[in-house]
1. Counting only residues that are surrounded by 13 or more Cβ atoms within 10 Å (Cβ to Cβ) and touching a residue at least 40 places away in the same chain (Cβ under 8 Å), how many does region 1-39 have?
2. Out of the residues in region 92-129 meeting the condition of being among the small types (Gly, Ala, Ser) and either crowded, with 22+ Cβ neighbours inside 10 Å or touching a strand residue (DSSP E or B) at 6+ places or on another chain (Cβ under 8 Å) (or both), tell me which one is nearest to GLN16 (Cα to Cα).
3. Out of curiosity, is ARG137 touching an Asp or Glu at 6+ places or on another chain (Cβ under 8 Å) and not acidic (Asp, Glu)?
4. Scanning region 130-154 for residues that are aliphatic (A, V, I, L, M) and farther than 19 Å from ILE20 by Cα, which turns out modelled with the highest pLDDT?
5. When region 45-69 is examined, which residues are found to be within 14 Å of the chain's Cα centre (by Cα), surrounded by fewer than 21 Cβ atoms within 10 Å (Cβ to Cβ) and free of Cβ contacts under 8 Å to residues at least 40 places away in the same chain?
6. Charged (D, E, K, R), out of contact with any Gly (no Cβ under 8 Å at 6 or more places or on another chain) and under 24 Å from ARG125 (Cβ atoms): which single residue out of GLU37, GLU27, GLU88, GLU72 fits that description?
7. Which of the residues that make up region 6-37 are part of a strand (DSSP E or B) and not small (Gly, Ala, Ser)?
Amino acid sequence: MDICSVRHGLKNKISQSDRILVGFGGEWHVDTAERQEQIKRAAGVLKELLAGKDYFVITTLTGEDIRHIPCERTHMTAPLDVSFTEEEWETYLRWLSFTLNKRTLLLELGEDLLHPNMIRWPFERAAGLNEKAYLYRINQKLPQITEELAGRAVAVRLDSVEFFSVCSEAFKG
């Protein structure tokens, strides 16, 4: 499947979804000024795609990296960050409980295997339990999906920031 088809498919899934859960991983870490600009472009595209949708974000990022996430803090939890609160986690779990039997899009962006119990495994479990769920795993190094999710998941071997920042016009219109 070519990248244009993947982007088109994702845009359609977003428009058809009742709820969207986005997981931001290490690929969204800012380590250079160039990367910061690329993340800024990608975040802008994502913000437009999520506008008006019922979404929630979980991230394994910490510190300054969190401020680049394109969402309101009330729609996000960051369990590994020092500013993380139990209230944020409860809000996340409450929101998550309302995804069962809903058309839910799970969008996993650049998560590694340092903390698979935060995003990677829970997203797989959610996609497996909810027959109306669909998983997009976009990751340059670890895009693999389990056989059990065949037909209900897409694996994209591409840096997740690049996926949204390069050719961002593909998501417009």
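The values are calculated or read from the model by the stated rules, or taken from the named source; none is laboratory data. None of the values given here were measured: they were computed from a predicted structure. For neighbour counting, all protein chains shown are included, and Cβ atoms are generated from backbone atoms with ideal geometry for every residue, glycine included.
1. Total satisfying the criteria: 24.
2. That would be ALA127.
3. yes
4. Top of the filtered list is LEU142.
5. Once the filter is applied, which keeps residues that are within 14 Å of the chain's Cα centre (by Cα), surrounded by fewer than 21 Cβ atoms within 10 Å (Cβ to Cβ) and free of Cβ contacts under 8 Å to residues at least 40 places away in the same chain, region 45-69 yields LYS47, LEU50, LYS53, ASP54, ILE66.
6. After applying the criteria, what remains is GLU88.
7. Of everything in region 6-37, those that are part of a strand (DSSP E or B) and not small (Gly, Ala, Ser) turn out to be ARG19, ILE20, LEU21, VAL22, PHE24.
Here is a yes/no grid of residues against (1) in a loop (DSSP other than H, G, I, E, B); (2) touching a Leu at 6+ places or on another chain (Cβ under 6 Å); (3) on the phi < 0 side of the Ramachandran plot:
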residue: LEU114; (1), (2), (3): yes, no, yes
residue: PHE123; (1), (2), (3): no, yes, yes
residue: ALA127; (1), (2), (3): no, yes, yes
residue: GLU131; (1), (2), (3): yes, no, yes
residue: TYR136; (1), (2), (3): no, yes, yes
residue: LEU142; (1), (2), (3): yes, no, yes
residue: GLU148; (1), (2), (3): no, no, yes
residue: GLU162; (1), (2), (3): no, no, yes
